[in-house]
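The values are calculated or read from the model by the stated rules, or taken from the named source; none is laboratory data. From a predicted model like this one, the values you see are computed outputs, not experimental measurements. Virtual Cβ from ideal backbone geometry, glycine too; neighbours counted across all protein chains shown.
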Amino acid sequence: MKDFDLEHFAKVALSEALFYDEEYGAIGAVSLIDESQGKELFIASYSPEDDKYVIEEANRWESYSPNGDDDIGYQLAIDSKPSGLFDSPVDAADQLLALAADGDLRPSVSLLFEIEDGEGGKA
């Protein structure tokens, strides 16, 4: 029996979360969260305009105070800078795993939708 490869499993899960559905304008995004700071630090998704997978590093966050049922548990990034462009979701997943391991970060998956001016928004 073959040994279970946790790193391969995580890489496949992350790369499949980074999808793009052109018909619906749906984009899968993966954030890396620093639980000790309570902040979203990195955001990865597919960029239709670049035809690449992008990882961005957050540099400004929304105000946050826990408030009930819709509480996600961390500050969402409201501004970021590009950290890397990748040709495939597997390459982006490799980088996400490295960033997560280096910073002891946890993943969070979101569904974004393109809006008419080409910017995405969280659903």
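How about segment 81-101: which of its residues are of a type in the set (Gly, Ala, Ser) and under 15 Å from Phe19 (Cα atoms)?
Pass one, segment 81-101, residues of a type in the set (Gly, Ala, Ser): 83-84, 88, 92-93, 98, 100-101.
Answer for segment 81-101, where residues must be of a type in the set (Gly, Ala, Ser) and under 15 Å from Phe19 (Cα atoms): Ser88, Ala92, Ala93.
Residue-level check: of (1) closer than 26 Å to Lys81 by Cβ; (2) not in a strand (DSSP E or B), Leu41 misses just (2). Please work out if Ala77 is out of contact with any helix residue (DSSP H, G or I) (no Cβ under 8 Å at 6 or more places or on another chain), surrounded by 11 or more Cβ atoms within 10 Å (Cβ to Cβ) and closer than 19 Å to Ile115 by Cβ. Criteria met by Ala77. Glu7 falls short of the stated requirement of being more than 18 Å from Lys81 (Cβ to Cβ), free of Cβ contacts under 8 Å to residues at least 40 places away in the same chain and outside any strand (DSSP E or B). Look at segment 19-41 and say how many of its residues are surrounded by 21 or more Cβ atoms within 10 Å (Cβ to Cβ) and of a type outside the set (A, V, I, L, M). Residues flagged as surrounded by 21 or more Cβ atoms within 10 Å (Cβ to Cβ) and of a type outside the set (A, V, I, L, M) within segment 19-41 amount to 2. Considering Ala58, Ala44, Ala13, the condition of being under 20 Å from Leu97 (Cα atoms) and surrounded by fewer than 20 Cβ atoms within 10 Å (Cβ to Cβ) is satisfied by Ala13 alone. For Ala123, the conditions (1) farther than 16 Å from Gly28 by Cβ; (2) modelled with pLDDT under 85 all hold with the exception of (1).
Out of segment 38-78, which residues are touching a residue at least 60 places away in the same chain (Cβ under 8 Å) and of a type in the set (A, V, I, L, M, F, W, C)? Scanning segment 38-78 gives Leu41, Phe42. Scoring Ala92 on the criteria (1) surrounded by 14 or more Cβ atoms within 10 Å (Cβ to Cβ); (2) under 12 Å from the mean Cα position of the chain (by Cα); (3) in a strand (DSSP E or B) leaves a single failure, condition (3).
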